[in-house]
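*Asks:* Below you'll find the structure I mean.
The values are calculated or read from the model by the stated rules, or taken from the named source; none is laboratory data. Keep in mind it's a predicted model, so treat the numbers as computed, not measured. Counting neighbours? That spans all protein chains shown, and the Cβs are built from the backbone with ideal geometry, glycine included. Remember, those area values only see protein heavy atoms, side chains included, never the ligands or the DNA or RNA. Shrake-Rupley method; radii C 1.70, N 1.55, O 1.52, S 1.80 Å.
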Amino acid sequence: MSNNIVAILYLISALLFILALRGLSHPESSRLGNIFGIVGMLIAIITTLMFKSVLSYFEIGAAILAGGAIGTFIALRIEMTALPQLVAAFHSLVGIAAVFVAGAAFYDPASFNIGEFGSIGKSSLIEMSIGTFIGAITFSGSVLAFGKLQGTVSGKPIVFKFQHFLNSIIFLFIIFLIAIFVFNQSPTVFWSIVLISILLGFLVVIPIGGADMPVVVSMLNSYSGWAACGIGFTLSNNLLIITGALVGSSGAILSYIMSKGMNRSIISVVLGGFGGEQTNISSNDNSDKIIKQGNAEDAAYILKNADSVIIVPGYGMAVAQAQHSLREMGDILKKNGISVKYAIHPVAGRMPGHMNVLLAEANVPYEEVLELEEINHDFPITEVSFVIGANDVTNPAAKTDEQSPIYGMPILDVEKSQTVLFVKRSMATGYSGVDNELFYRDNTTMLFGDAKKMCENIVKSLN
Amino acid sequence: MEAHTSEIFVIGLTVFFLACIIGYYVVWSVTPALHSPLMGVTNAISSVIIVGAILAAGPLDNDISKIFGLIGVFLASINIFGGFIVTYRMLSMFKKKSKQNNQD
């Protein structure tokens, strides 16, 4: 095939990738979008296999089949509640694959038309080391994020003295190594860049935890894109550059949306430490305040006599796998002529859009699931807010208490509804470590227990 | 030679910035409800680095870069299949109201 035909086929594949993202503007068009993405990838792979230099079809086919089988197996088996971990794990693969491709280009530059081993052009070397650097950071950062989300590593942010200073020194050292690498093209320096970047990836994610995880996952998504870009520049391949840029900006925008959802700058999230050591910052001590506690029958009674209910799910619902019994509860209420809607806070869950997927899994129609701006004005005209597994995103202190760490964060105005039902395991604070004054209000009833059991019991009482 | 490589780099840079702008507008038009599938799909397509891995694994001679290439092909394939399938699973769950009522 001539270079021009290859370039055109790669262009088609890039356009299909753009359409794949474009399809996600609406659930109806999204499935077609996914197919565009698959076709784009097929075109890219087949085109590359047609290259004159590509001859070892057997080995490549075996690698694709082996990887494909594992990927298919994992993707079919994964629980929707575990999506954030899965995405983090996948990001780490993109990162490490980028390192391997850069390594291959370093040892055999002739295959990529960038020179001979030991005499690669300087610009190619710079691009190669940047791709390696970002890829390695993505790899180790995602591995740690995976561990935190999976629970194998403590999800709490780990902060120590001179942390950021240390990170900056390491970063400068990597730049220094890249400069050396460009001049001597030594394999030792190349692998030093890889190892130290891996170390930096761990150090960058260590101080971030808890409610900041959606930002981390989005950020790593972005990094995996920039890594692909770096490799694209090394190989002078426009398809890789375009795709990497699309993914990179996608992750960056998601990070921005997530940090805005918490009223925090991306910088402060990256610096980390949020919600780790703070215990009860609230100026007034709530220990002697009275809470109203109820059981499933009380909740069923309140819900049955309402005419409008807004359900506010949070990460606690995901942990308890309560989405199915929650939907069942919603269905019974709807059959009784009660209006039921779901309100989603941008940072609910552990990755962007996590709650929407879980509710969709439980067969909640997407028209009933509304975003913060769409539904917030409905709370004053709603009788019952049913908060299940969410806490910080409903805390009115975000509006009133300037001392609070969550001050300024947009919240769902559940306090404005007539009655608030809180399904919680205990009185423990949310990830921010801030007490929620809503618990002590007259119109709030606390329903202590496992979210799933509570929903099941409410369903029983409703019947 | 030097002029030639810098030319290629500038073309790459042009493509890069234009693609960033396209990405910016396309991603802002994604509905927030589908942000998880967006991550799934971006994950799958970022594995297009398989292109580089295939080129490295292509030649018949068995050297270290071929091994790296094959590992790259293997890892990227996990991601491609996994990413698209998990996205498909997520998207097939987003149903309309009318459909759901028919099922009940």
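*Asks:* At 222 nm, what helix-only mean residue ellipticity would the protein assembly as shown give, in deg cm²/dmol to the nearest 500, using -39500 (n - 2.57) for each DSSP H run of four or more?
*Replies:* Value at 222 nm, helices only, nearest 500: -20500 deg cm²/dmol.
*Asks:* While we're looking at this one, here's another question. For a paramagnetic label modelled at 7 Å from the Cα of B:Trp28 toward its Cβ, which residues of segment A:348-373 fall within the zone defined by backbone nitrogen distances under 20 Å?
*Replies:* Zone members listed by number: A:353, A:371-373.
*Asks:* If N is the number of residues in the protein assembly as shown, what value comes out of its Cα radius of gyration divided by 2.2 N^0.38 Å?
*Replies:* Working it through for the protein assembly as shown, the quotient is 1.03.
*Asks:* About the Cα centre of the protein assembly as shown, how large is the charge dipole given +1 on each Lys and Arg Cβ and -1 on each Asp and Glu Cβ? Please answer in debye to the nearest 20.
*Replies:* 660 debye
*Asks:* Indicate the gyration tensor shape class of segment A:82-176 (rounded, prolate or oblate), computed on the Cα atoms with a ≥ b ≥ c the square roots of the eigenvalues: a/c under 1.5 is rounded; otherwise a/b larger than b/c is prolate and the rest oblate.
*Replies:* In terms of gyration-tensor shape, oblate.
*Asks:* Could you tell me the total accessible area buried at the A-B interface, probe 1.4 Å, in square angstrom to the nearest hundred?
*Replies:* 8300 Å²
*Asks:* Report in % the part of the accessible area of segment A:114-257 that belongs to carbon and sulfur, leaving out ligands and nucleic acids; probe 1.4 Å.
*Replies:* In segment A:114-257, the share of accessible area belonging to carbon and sulfur is 76 percent.
*Asks:* Give me a single rounded figure for A:351-359: the average over its residues of other chain Cβ atoms within 10 Å of their Cβ.
*Replies:* For peptide A:351-359, the averaged partner shielding equals 6.
*Asks:* Tell me whether segment A:56-138 comes out rounded, prolate or oblate; compute the Cα gyration tensor, take square roots of the eigenvalues as a ≥ b ≥ c, and use a/c under 1.5 as the rounded threshold.
*Replies:* oblate
*Asks:* Follow-up question, since we're still on this one. Quick one: length gained pulling A:Ser265 to A:Tyr440 fully straight, 0.36 nm per residue minus the C-alpha distance?
*Replies:* Result for the pair: 59.9 nm of gain on full extension.
*Asks:* Please give the average number of partner chain Cβ atoms lying within 10 Å of the Cβ of each residue in A:210-222, rounded to a whole number.
*Replies:* 1
*Asks:* Quick check: at a probe of 1.4 Å, how many percent of the accessible area of segment B:7-104 sits on carbon and sulfur atoms?
*Replies:* Roughly 70 percent of what the probe reaches on segment B:7-104 is carbon or sulfur.
*Asks:* Would segment A:288-330 count as rounded, prolate or oblate if I go by the C-alpha gyration tensor, calling it rounded below 1.5 in a/c and otherwise prolate when a/b exceeds b/c, oblate otherwise?
*Replies:* It comes out oblate by the Cα gyration axes.
*Asks:* I'd like to compare A:156-166, A:192-202, A:237-247, B:35-45: which one has the highest average count of other Cβ atoms within 10 Å, and what's the full order after that?
*Replies:* Those peptides, ordered most packed to least, come out B:35-45, A:237-247, A:192-202, A:156-166.
*Asks:* Short version: ³J(HN,Hα) in whole Hz for each residue of segment A:398-411, in order, from phi by Karplus 6.51 cos²θ - 1.76 cosθ + 1.60 (θ = phi - 60°), x for Gly and Pro, what are they?
*Replies:* 4, 9, 9, 9, 5, 7, 5, x, 9, 4, x, 6, x, 10
*Asks:* Hey, another quick one. Please work out how much accessible surface A:Asp392 shows to a 1.4 Å probe, ignoring ligands, DNA and RNA, in Å² rounded to 10.
*Replies:* Counting only protein heavy atoms, A:Asp392 exposes about 20 Å² to solvent.
*Asks:* My understanding is that a pair violates if its Cα-Cα distance is over 29 Å; which of A:Lys304/B:Lys95; A:Lys148/B:Lys66; A:Lys148/A:Lys292; A:Lys292/A:Lys452; A:Lys122/A:Lys148; A:Lys399/A:Lys460 do that in this structure?
*Replies:* From the list (A:Lys304/B:Lys95; A:Lys148/B:Lys66; A:Lys148/A:Lys292; A:Lys292/A:Lys452; A:Lys122/A:Lys148; A:Lys399/A:Lys460), the Cα-Cα distance tops 29 Å for A:Lys148/B:Lys66; A:Lys148/A:Lys292; A:Lys122/A:Lys148; A:Lys399/A:Lys460.
*Asks:* Oh, and also: Within 10 Å of each Cβ of A:116-128, how many other protein chain Cβ atoms are there on average?
*Replies:* Going residue by residue through A:116-128 and averaging, the value is 2.
*Asks:* Taking only protein heavy atoms and a 1.4 Å probe, what accessible area per residue, in Å², does the protein assembly as shown have with all protein chains in place?
*Replies:* Heavy-atom SASA per residue in the protein assembly as shown reads 39 Å².
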